[in-house]
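The values are calculated or read from the model by the stated rules, or taken from the named source; none is laboratory data. Every value quoted in this text rests on a predicted model; they were computed, and no experiment measured them. Cβ placement follows ideal geometry from the backbone for every residue including glycine, while neighbour counts extend to all protein chains displayed.
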Ligand code: GLP
């Protein structure tokens, strides 16, 4: 695992967007296999999304031959709910780029058959030949996607109950009312993430410094699922100076 320490979130956004753009450009649109990109929600990747939108608008990159898989979705929120990850992705990214609708994959938090939904998500990833690059953020407790502390490091896509800490942290999007935050989510597993050819995880601000410390200097363990990156041959943690303050 590499660690890249940049000045601030602005630099993180630029560096990451150019990295993703470079990878997409390597894949000519005439090639049969699309570029498969894993994507997160959260405040951290917003600057990356903005830069990617700009690069798309300037026609420097195109998403015509890109297939995306999102990391997770809340259980019980429909795609039009303003706090669903479907809505977030559309409002902050997809509606501004030239991606084909049928190439966007996000878990259905309203599904009546959770097992089938999760199984089919994994199958879809396999069918397109696996994920080329997974971009992610990290929770204050070190979770990646919604792989809460205690998640198996070989876990696959499944339903996960959210911890008190995550519900508290995410209540900022639900009028600071913890009761409004869903208590469970569908999420890719740590194993799903680490099967990707390349992983980029972003973290900024002091709030993430403890997770960053455990991810880099702690042992690999299921209580800090970010630590699984240490075993990946092509992963990079891109952080700012504040997030790096405990290492
Ligand atoms: C949620 C998401 C994670 C994300 C985390 C941090 O829990 N499931 O994928 O990394 O929030 O979000 P933020 O970037 O807003 O700090």
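Out of curiosity, is residue 113 over 26 Å from residue 16 (Cβ atoms) and either modelled with pLDDT of 95 or more or crowded, with 17+ Cβ neighbours inside 10 Å (or both)?
Yes; evaluated as a whole, the condition is true for this residue.
Mind listing whichever residues of the stretch 196-212 are within 16 Å of the ligand (Cβ to nearest atom) and either surrounded by fewer than 17 Cβ atoms within 10 Å (Cβ to Cβ) or over 13 Å from the mean Cα position of the chain (by Cα) (or both)?
204, 205, 206, 207, 208, 209, 210, 211, 212
From the list 167, 144, 97, exactly one residue is within 14 Å of the ligand (Cβ to nearest atom), under 30 Å from residue 242 (Cβ atoms) and either surrounded by fewer than 14 Cβ atoms within 10 Å (Cβ to Cβ) or more than 17 Å from the chain's Cα centre (by Cα) (or both). Which is it?
167
Of everything in the stretch 29-46, what is farther than 21 Å from residue 121 by Cβ, surrounded by fewer than 19 Cβ atoms within 10 Å (Cβ to Cβ) and either within 16 Å of the ligand (Cβ to nearest atom) or in contact (Cβ under 8 Å) with a residue 12 or more places away in the chain (or both)? Give them in sequence order.
29, 31, 43, 46, listed by residue number.
Quick check, is residue 49 more than 13 Å from the ligand (Cβ to nearest atom) and part of a helix (DSSP H, G or I)?
No: the conditions fail for residue 49.
Of the residues that sit in the stretch 170-195 and are touching a helix residue (DSSP H, G or I) at 6+ places or on another chain (Cβ under 9 Å) and in a loop (DSSP other than H, G, I, E, B), which one is surrounded by the fewest Cβ atoms within 10 Å (Cβ to Cβ)?
177
What is the one condition in (1) within 20 Å of residue 154 (Cα to Cα); (2) more than 13 Å from the ligand (Cβ to nearest atom); (3) surrounded by fewer than 23 Cβ atoms within 10 Å (Cβ to Cβ) that residue 247 does not satisfy?
Single failed check for residue 247: (1).
For the stretch 52-81, enumerate the residues that are touching a residue at least 60 places away in the same chain (Cβ under 8 Å) and part of a loop (DSSP other than H, G, I, E, B).
Residues satisfying the conditions are 71, 75, 76, 77.
Of the residues 122, 140, which is part of a helix (DSSP H, G or I) and touching a helix residue (DSSP H, G or I) at 6+ places or on another chain (Cβ under 8 Å)?
122
Hey, residue 88 hits all of (1) in contact with a strand residue (DSSP E or B) (Cβ under 6 Å, 6 or more places away or on another chain); (2) without any contact (Cβ under 8 Å) to a residue 60 or more places away in the chain; (3) within 24 Å of residue 199 (Cβ to Cβ) but one; which does it fall short on?
In the conditions (1) in contact with a strand residue (DSSP E or B) (Cβ under 6 Å, 6 or more places away or on another chain); (2) without any contact (Cβ under 8 Å) to a residue 60 or more places away in the chain; (3) within 24 Å of residue 199 (Cβ to Cβ), residue 88 misses (1) alone.
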